[in-house]
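Right, one structure below, let's go through it.
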Amino acid sequence: MTSALKVENLAKTFEISGGLFGRNKAGVRAVRPMSFEVPTGETLGIVGESGCGKSTLARMLVGLLEPTEGTIEIEGKALDNADPAAFGRLIQYMFQDPVSSLNPRKTIKQIMEAPLKRLYCMGKAERDKRIDEIFDSVNLRPEFLERYPHEFSGGQAQRIGVARALAAAPRIIILDEPVSALDVSVQAQVLNLLRDLKSEFNLTYLFISHDLAVVEAVSDRIVVLYFGSVVEIGKAEEVFANPRHPYTKLLADSAPVVGRPLTAPEQKDSELPDPLNPPPGCAFATRCPRAQERCKKEEPVLEPVGGDQYAACFYPLQD
Amino acid sequence: MTFLKLLFRNRLAAMGAVVLGLILLLVLAIPVLPLQDPDVTNTGNRFVPPFSEGHLLGTDHLGRDLLSRLLYGTRLSLGVGIFAALIAATIGSAVGIIAGYFGGRTDNIIMRGIDMLMAFPYILLALAIVAALGPGLLNALIAVAAVNIPFFARNIRGITVGLAGREFIDAARLAGMGHTRIILTELLPNVLSTIVIAMSTTVGWMILETAGLSFLGLGSQPPQADLGSMLGEARSALITDPHTSIVPGVMIFLIVMSINLLGDGVRDALDPRLRSGALSRPRAQTIVDRKSPVPADDGNGLLNIQNLETQFHVGKRIYRAVNDVSLFVNPGECLGVIGESGSGKSVTALSVMGLVASPPGVVTGGAVRYEGEDLLSANFESLRQKRGDKVAYIFQDPLSTLHPLYRVGDQLMEAIQVHHKVSDKDARAKAVELLKSVRIPNAESRIRNYPHEMSGGMRQRVGIAMALANDPDVIIADEPTTALDVTVQAQILALLDDLRRERGLAIIFITHDFGVVAQLCDRVAVLYGGKIVEEGTTTDILDHPAHPYTKRLMACVPELGGGKRELAAIPGLPPIVSDLPPGCAFAPRCEKATEACKEGAIPLEGSETRAVRCIHPEEEIA
Amino acid sequence: MGSYILKRLVSAIPVLLGITVIVFLIMAMIPGDPATAILGSYATPENVEKLNRDLGLDKPLVVRYFIWLGNMLTGDFGRSFSLNRPVLDEILERFNATLILAGTAFVICSVLGILAGVISAAKQYGFADKAITFVVLIGISVPSFFLGMMMILLFAVNLRWLPVSGMYAIYGGGDLPDLAKHLVMPAFALAVVATGVIARLSRSAMLEVLRQDFIRTARAKGVGERKVLYGHALRAAMVSIIPVLGIQAGFVLSGSVFIEIVFQWPGVGRMLVDAILKRDLLLVQGGVVFVAACYVFFNICVDVAQSLLDPRIKT
């Protein structure tokens, strides 16, 4: 099977000019060089806490941010220009905030038509037909087309967001926290819809979330990010059940689970390192209960730790 | 059209519109009015007082008819002011949108230039321009327009930066739109209302500024006169013949005031933030306006909420946020209140100590008893003494709930000192001790931090320390961990649990997360549409949910360790509390609903510790 | 703190340079021969040529700018032909008077404006609020020059409480009470509009702050209402009020031009208007640059005050 998406050494450094005349240029490495592949039809989950670089990664993948280094390949074709339109036909983005992602001054129809006109230069009749088809598949009624975004609830607006992403007929959709702004009872509706659409349109998903349980429920494989780096990759059912990296274990132990007694999981410190002044070695070392001298000096790289699981740790956990 | 309706509902704006309309009508009627030539002098007829034969407003120092000069002058002043406003708005907005949209270096260079222009007091720039171009009305117009461009550019840039960061702009880019198209079709419609607001609030100024330049003799040149030059020429005769000054002066005042009134009206009508009266100042205590008798004390719990009803009155609409909610909590007990957004869980919590923003919030029924005393009937001073001392709160977002300009130590000390006469030194020592008790490292130096210097988890610890400051009996925690990362959440929950056991605290814990409830709470109440639909011990509710909503809500939530799976979704949407159905609020989404569910109110049945509001419960409850 | 002030001072250098460039460019727009413009149309050709050489007007624009800038840095603003004395001497003398007038007006409008706004917000929809809103509405609509004229009519001509105009009495004046008596009317006339604007803004800033979550926290702690209003809320509201004070100072300085004319106050504004009407361009140029530079320094003070109040600014 070919990979839908291949990322190699992708990295982003934000330059921060400091000092009086912008001399002391410092860089915040929001995403450190990372590589991964997503086979066609897979859902790759990406989890991490605030500041781990997951949104920066997502915005690079759809061309809204230009990577500092590295390459993005979609179905074997390299995408190195930062032209969103070129990205747009292959890869689409679904936003976290369903309301903010729809222009309040446009009708749903105008919003839906934009990608069809700009990316595919479709005529009017063709566009109407296509919009009808898409609305049908996301269970939205056609009369919604004449309305404005503020008339919709979060769940409905998020369906419109899905419909817009689908209109571009992409191969891959990046779902950036697609359900975190929604109520629990509506979350499941949207998640199930996304799953149905995936098989219907033969899509590949990158599902970004901070909610471990949601990511586990929808993903085939999961990438765990910490401080801009991949710390662990593995099968969804394995990563949290048998974490190898101490950070993954901390995450899994922190998630509130019915029936588990309440104890703060083992960690020394809950602070992230200062992004302007990152420590040498493993970024997690200051919080890690297993950290040793070597962790504070050398940066660990991803290595296989059995099965399809990879972890960036010198002293990975055993089963 | 709603805009005009909103505009004219504002009486002041309507008044402004009427005055301005009359002035405009007079000015437009100039060609058909029997006016004398404004520039014909008649020195034999100087300074004729007003209401004289043939000269309704009298004549000026050259014997010219003042009424005629006033109307011609008004026309000129209005025309010049409005034209200057249009020029300034067009150029300024274009510059602002370009700077705000492209950002980065473009923005930097443009805004530096704008800042330079703003570094001048406006008149200096106008004077310099007039000095270079020479006195004259057209040059005054150019000067006034030029000095107002920075104002528009800055204003519009600010709005554009906010919009350009919004996700719909990214979406438009992904839909293949180019820069020009995004600016014209996505941004411009959204900033247009701001441009109109800025124009309507500044056009009065610009009329005043051009009049000012003419007053100085730098604008319109004789014999042509606008209102400013009329006033300027009349100044020398101010003491002997004041009417020649008063006539043009009052006209400028009327024009500027009516435009200002109308401009404020336009702003209020176009700015959605002001539309709902959102700028009302919340009172110190929620308004209590009970329609039903105060329920008798049933002696339950330390803090006892009885049949509480809280509503929001917005215009004619009534949002029934809390409907007949009864809850109690005992010392050392943790009561969980769980629900989705709009279920009324936060409003219930805030109603206890009268902290619901009011207006629009009103408590319309029930009682909140602390040790038997009804807090809703208490006067403000006695309620204030209990706030933070007996019943303390922990809020959701620790960044917005701590005062940004005070050190956290001072905020902690204040919490102690508003209730107890303690010296600063002792209060500071107590503050350090509190920070240590919530396990903040280096507490001695941390008390000197400002909130923005701390991480989210640390800030929430400060929030908890503040709640503990006076050893309260009850803590009400309103989603205290929702804004936090999961690893931090685990620590905060463990901390709360320890504190409760050490200090015998009663906690009411508001959340939407079953996992959190399961770990922390002894008893749980489930809220839906402002009503309790089910309550019971945590184990009962989790293992044997009786209400279909509880059962299905738990099924929706994926739990860690379950692997990839299909989720059981609840169809439909949560109810809107301004339009609740007569029967069970969940009936429209419930598979088991029958006609009876939709007909009348359904009582909460069961015992004090286990009850359900359903006529087709999932399980019979004991 | 010190480093912040230093940083702001350094950042003022490009702004000051920008100001001189803008003024220089505007003056360079003057059509025709500048020397003729300066000397008037009755000047002899020899005089025009001499002035052109003296001013370096035969050199290219950029060179002329740097010569002019260099001269100004050494304190040489040129010589006013209409007054026949150095421009800088005249400006310094006049600026003193303007500073007294505008400074007094600025203090009046800041104190009254903030006070009125806070009271208005504290008593929202009450009688005081409505009364203040009404007065403010009139205040911001009346042209200051017209207001000044009406004040002269009422207080000086009819009631004879205060002198009609000028800064000191011609005979026997010159002391502080005399100055104060002359200052009352122009300072108030000048302050009215700015007071209205500041009051309006303070009111809405207070109302905005009072809806914030941290006010709810203060109340939940049991802080009394007075302290919530005048401690927590006012302090936070000052963060948005202070920058407006800076902007209003510019408006007060601008308004002083009109007030100086109406009350015959011997300040820079009147000097500038006279200079424009007499086409004394060196005086205009010097006056504009000087006053704008003072305003830039005033705004640095505003920024420093802001950074003292708001710890989030120090970067």
Considering only residues of region B:79-111 that are in contact with an Asp or Glu (Cβ under 9 Å, 6 or more places away or on another chain) and hydrophobic (A, V, I, L, M, F, W, C), which is most open to solvent (accessible area, probe 1.4 Å)?
B:Ile98
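Yes or no, residue by residue, for (1) touching a residue at least 24 places away in the same chain (Cβ under 8 Å); (2) open to solvent by 30 Å² or more (accessible area, probe 1.4 Å); (3) among the hydrophobic types (A, V, I, L, M, F, W, C):
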{"site": "B:Thr550", "(1), (2), (3)": "yes, no, no"}
{"site": "B:Cys556", "(1), (2), (3)": "no, no, yes"}
{"site": "B:Glu566", "(1), (2), (3)": "no, yes, no"}
{"site": "B:Thr594", "(1), (2), (3)": "no, yes, no"}
{"site": "B:His616", "(1), (2), (3)": "yes, yes, no"}
{"site": "B:Glu619", "(1), (2), (3)": "yes, yes, no"}
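Kindly indicate whether C:Met185 is surrounded by 21 or more Cβ atoms within 10 Å (Cβ to Cβ), closer than 18 Å to B:Met257 by Cβ and at pLDDT 90 or above.
no
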Taking interchain pairs and intrachain pairs at least six residues apart, which have beta carbon atoms under 8 angstrom, with the first residue in region B:1-12 and in the same structural domain as B:Ala269 (by TED's automatic domain parsing) and the second of a type in the set (Lys, Arg) and open to solvent by 80 Å² or more (accessible area, probe 1.4 Å)?
B:Leu6/B:Arg275
(1) closer than 19 Å to C:Gln285 by Cα; (2) at pLDDT below 85; (3) of a type in the set (A, V, I, L, M, F, W, C): which one isn't true of C:Leu16, the others all being true?
(2)
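Just wondering, is there one or more residues in region B:168-177 that are more than 12 Å from every other protein chain (Cβ to nearest Cβ) and either open to solvent by less than 20 Å² (accessible area, probe 1.4 Å) or within 27 Å of A:Leu64 (Cα to Cα) (or both)?
Restricting attention to region B:168-177, the residues satisfying the condition of being more than 12 Å from every other protein chain (Cβ to nearest Cβ) are none.
Taking every residue of region B:168-177 in turn, none turns out to be more than 12 Å from every other protein chain (Cβ to nearest Cβ) and either open to solvent by less than 20 Å² (accessible area, probe 1.4 Å) or within 27 Å of A:Leu64 (Cα to Cα) (or both).
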Can you tell me which residues in region C:250-295 are open to solvent by 10 Å² or more (accessible area, probe 1.4 Å) and assigned to a loop (DSSP other than H, G, I, E, B)?
C:Gln264, C:Pro266, C:Lys278, C:Arg279
Members of region A:91-111 found to be more than 7 Å from every other protein chain (Cβ to nearest Cβ) and surrounded by 23 or more Cβ atoms within 10 Å (Cβ to Cβ), listed by number
A:Ile91, A:Met94, A:Pro98, A:Ile108, A:Ile111
Cβ-Cβ distance below 8 Å, separation of 6 or more or different chains: which pairs start in region B:147-168 with a residue that is free of Cβ contacts under 8 Å to residues at least 12 places away in the same chain and end on one that is open to solvent by less than 60 Å² (accessible area, probe 1.4 Å) and β-branched (Val, Ile, Thr)?
none
Residue count, region B:120-167 (criterion: open to solvent by 10 Å² or more (accessible area, probe 1.4 Å), under 35 Å from the mean Cα position of the chain (by Cα) and either more than 8 Å from chain C (Cβ to nearest Cβ) or small (Gly, Ala, Ser) (or both)):
17
Quick check on my filter: what residues within region A:113-131 are away from every other protein chain (no Cβ under 14 Å) and within 21 Å of B:Leu174 (Cα to Cα)?
A:Gly123, A:Lys124, A:Glu126, A:Asp128
Scanning region B:364-410 for residues that are at the interface with another protein chain (Cβ under 8 Å from one of its Cβ atoms) and either at positive phi or polar (S, T, N, Q) (or both) gives B:Gln385, B:Gly388, B:Ser400, B:Thr401
Test result for B:Leu218, in a loop (DSSP other than H, G, I, E, B) and surrounded by 19 or more Cβ atoms within 10 Å (Cβ to Cβ):
yes
Please work out if A:Ala213 is surrounded by fewer than 24 Cβ atoms within 10 Å (Cβ to Cβ) and either more than 8 Å from chain B (Cβ to nearest Cβ) or more than 21 Å from B:Val488 (Cβ to Cβ) (or both).
no
Give B:Pro34, B:Pro50 a once-over and let me know the one that is open to solvent by less than 100 Å² (accessible area, probe 1.4 Å) and in a loop (DSSP other than H, G, I, E, B).
B:Pro50
In region B:236-252, how many are part of a helix (DSSP H, G or I) and crowded, with 18+ Cβ neighbours inside 10 Å?
9
In region A:264-272, is there at least one residue being under 21 Å from A:Arg244 (Cβ atoms) and touching a Cys at 6+ places or on another chain (Cβ under 7 Å)?
no
For region A:216-230, give me each residue that is more than 12 Å from every other protein chain (Cβ to nearest Cβ) and not in a strand (DSSP E or B).
A:Phe227, A:Gly228
Take region B:490-529 and flag every residue that is acidic (Asp, Glu) and more than 10 Å from chain A (Cβ to nearest Cβ).
B:Glu502, B:Asp522
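Does B:Arg589 satisfy the criteria of being open to solvent by 10 Å² or more (accessible area, probe 1.4 Å) and modelled with pLDDT of 85 or more?
yes
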Exactly one of these conditions fails for A:Ile172: (1) of a type in the set (Val, Ile, Thr); (2) open to solvent by less than 10 Å² (accessible area, probe 1.4 Å); (3) at pLDDT below 90. Give me its number.
(3)
Give all pairs with beta carbons closer than 8 Å in which a residue from region C:227-246 that is open to solvent by less than 20 Å² (accessible area, probe 1.4 Å) meets a residue that is of a type in the set (Asp, Glu); count only pairs at least 6 apart in sequence or on separate chains.
C:Ala237/C:Glu208; C:Gly246/C:Asp303
Residue under question is C:Ile119, and the condition is that it be within 22 Å of C:Val193 (Cα to Cα) and open to solvent by 40 Å² or more (accessible area, probe 1.4 Å); does it hold?
yes
Need pairs with beta-carbon distance below 6 Å; first residue within 16 Å of B:Asn379 (Cα to Cα) and within region B:286-300, second surrounded by 13 or more Cβ atoms within 10 Å (Cβ to Cβ) and at pLDDT below 85; sequence gap 6+ or separate chains.
B:Thr286/B:Ser358; B:Ile287/B:Ser358
Odd one out for C:Ile261 among (1) farther than 25 Å from B:Arg267 by Cα; (2) within 7 Å of another protein chain (Cβ to nearest Cβ); (3) without any contact (Cβ under 8 Å) to a residue 40 or more places away in the chain:
(3)
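Return the only residue of C:Ser141, C:Ser110 being under 26 Å from C:Cys294 (Cβ atoms) and among the hydroxyl-bearing types (Ser, Thr, Tyr).
Of the residues listed, the single one that is under 26 Å from C:Cys294 (Cβ atoms) and among the hydroxyl-bearing types (Ser, Thr, Tyr) is C:Ser110.
The values are calculated or read from the model by the stated rules, or taken from the named source; none is laboratory data. A quick note: this is a predicted structure, and the numbers were derived from the prediction, not measured. Here Cβ is always computed from backbone atoms with ideal geometry, including for glycine, and neighbour counts include all displayed protein chains. Protein only, heavy atoms only, side chains kept; ligands, DNA and RNA dropped before computing areas. Shrake-Rupley method; radii C 1.70, N 1.55, O 1.52, S 1.80 Å.
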